[in-house]
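A.B. asks: Can you read through this structure? Questions will come right after.
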Amino acid sequence: MGSVAGMLETIANVALALVPLAVLAMLAVVLEVRAPWRCGVRPDGLRWLQSSVLMIIGTGTARLILPLSIYSASVFAAAAGIGLFHRVDAPLWLAFIAGLLALDFFDYVRHRLEHKFSLIWRIHRVHHSDRQLDASSALRFHPLEALLTSALHVSVVLALGVPMAAALVYAALTLLFDIWQHANIRAVPGANVLETVIVTPRLHRMHHSYAPDDAAVNLGAILSIWDRMLGTYRRPTMAQAEAVIFGLGQGTDTRFDTLGQLLGDPLRPDATPPANASALRAR
């Protein structure tokens, strides 16, 4: 009986976690229809279904396997007094800012490693296999990648004692930025001036290019300062941004068409990572 109750609680938690994402996704679809970046690209029901199933499986897997979420990890750290910020008695405002920066920095590190090592690239390439970029692409992550990301967030929160407010704000910002960066929405005038600080859709679209060197740049989740500091920043011209071609290139046109193919692709050890950021920096 207890296991049934636990399963129902997990399902309820997954549903609650997906509500904000669903709201943002629906808003993005409306904007994609009314103000598209690339005209003629329409929301595709099958792609939305596949991406949504991947997201649900990934969120459910993380909730079932990990004993803590990013939110509960911050509550646990505060109650137990564990983590750097609790041990040094850091003021809340400092712990809040440092927590946000740390979570974003380690997301950058995770993403960079995904493009460097074949084992985790095989998980991440499901996201890069999308030949059309729109709001549904923000959901198109293999469940194993969702698990790895959740484990990273929980580890950072516990190690540093990130405050609950910072954990909640970062989770909300990553949802917002994921949808915004992938959505096929016309740029807001003046938004590109923010690229020295944050990762805009123009920067992230370049990262989704099928060209290997392009995939090694603009790896930040929210802030672009990590790319600028560590040599992986590239600001495309307007012409480059308009001409970008998405996907993994030749030989993958029909490889990621079905949900089964998307879930099983990490078992195919037949592709090396794109040009890694270290090689790009050395040029």
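Values in this text are rule-based calculations from the coordinates and carry no lab data. Just so you know, these numbers come straight off a predicted model, no measurement behind them. We place every Cβ from the backbone using ideal geometry, glycine too, and count neighbours over all the protein chains shown.
A.B. asks: Say each of S118 and M229 gets a label point 7 Å from the Cα, pointing the same way as Cα to Cβ; how far apart are those two points in nm?
C.D. replies: It works out to 3.2 nm between the two label points.
A.B. asks: Any chance you could check the Cα centroid distance between segment 181-245 and segment 53-100 for me, in angstrom?
C.D. replies: 28
A.B. asks: How far, in degrees from 0 to 90, does helix 118-128 lean away from the longest principal axis of the Cα atoms of the chain, to the nearest 10?
C.D. replies: 70
A.B. asks: Ok, one more. Would you be so kind as to identify which of T232, V244, L267 lies farthest towards the positive end of the dipole of segment 225-267, taking Lys and Arg as +1 and Asp and Glu as -1 on Cβ and the Cα centre as origin?
C.D. replies: T232
A.B. asks: Working out 0.36 nm times the residue gap between L66 and W93, then minus their Cα-Cα distance, what length gain in nm do you get to one decimal?
C.D. replies: Values: separation 27, 0.36 × 27 = 9.72 nm, distance 2.84 nm.
Length gained, L66 through W93: 6.9 nm.
A.B. asks: Can you give the charge dipole size of the chain about its Cα centre, rounded to the nearest 20 debye, using +1 on the beta carbon of Lys and Arg and -1 on the beta carbon of Asp and Glu? Kindly include the intermediate steps, with their values, before the conclusion.
C.D. replies: On the way: 23 positive and 20 negative charges, 86 e Å.
The dipole of the chain has a size of about 420 debye.
A.B. asks: Taking the Cα atoms only, what angle lies between the long axis of helix 45-65 and the longest principal axis of the chain, rounded to 10 degrees?
C.D. replies: Taking the Cα atoms of the chain, the angle to 45-65 is about 30 degrees.
A.B. asks: Quick one: helix 164-182 against the long Cα principal axis of the chain, what's the angle to the nearest 10°, folded into 0 to 90?
C.D. replies: It is inclined by approximately 10 degrees.
A.B. asks: So for the chain, taking the charge dipole from beta-carbon charges (+1 Lys/Arg, -1 Asp/Glu), which of A135, A187, G60 sits furthest toward the positive end?
C.D. replies: Toward the positive end, the furthest listed residue is A187.
A.B. asks: Nearest 20 debye, what's the magnitude of the dipole of segment 31-91 about its Cα centre given +1 on Lys and Arg Cβ and -1 on Asp and Glu Cβ? Intermediate values should be presented prior to the final figure.
C.D. replies: Working: 6 positive and 3 negative charges, 47 e Å.
Approximately 220 debye in magnitude.
A.B. asks: If you don't mind, another one. Quick one: length gained pulling A151 to A78 fully straight, 0.36 nm per residue minus the C-alpha distance?
C.D. replies: On the way: separation 73, 0.36 × 73 = 26.28 nm, distance 1.83 nm.
Length gained, A151 through A78: 24.4 nm.
A.B. asks: Expressed in nm to one decimal, what extension gain is obtained for the pair I245 and V41 from 0.36 nm per residue of sequence separation less their Cα-Cα distance?
C.D. replies: On the way: separation 204, 0.36 × 204 = 73.44 nm, distance 1.34 nm.
The span from I245 to V41 would gain 72.1 nm if fully extended.
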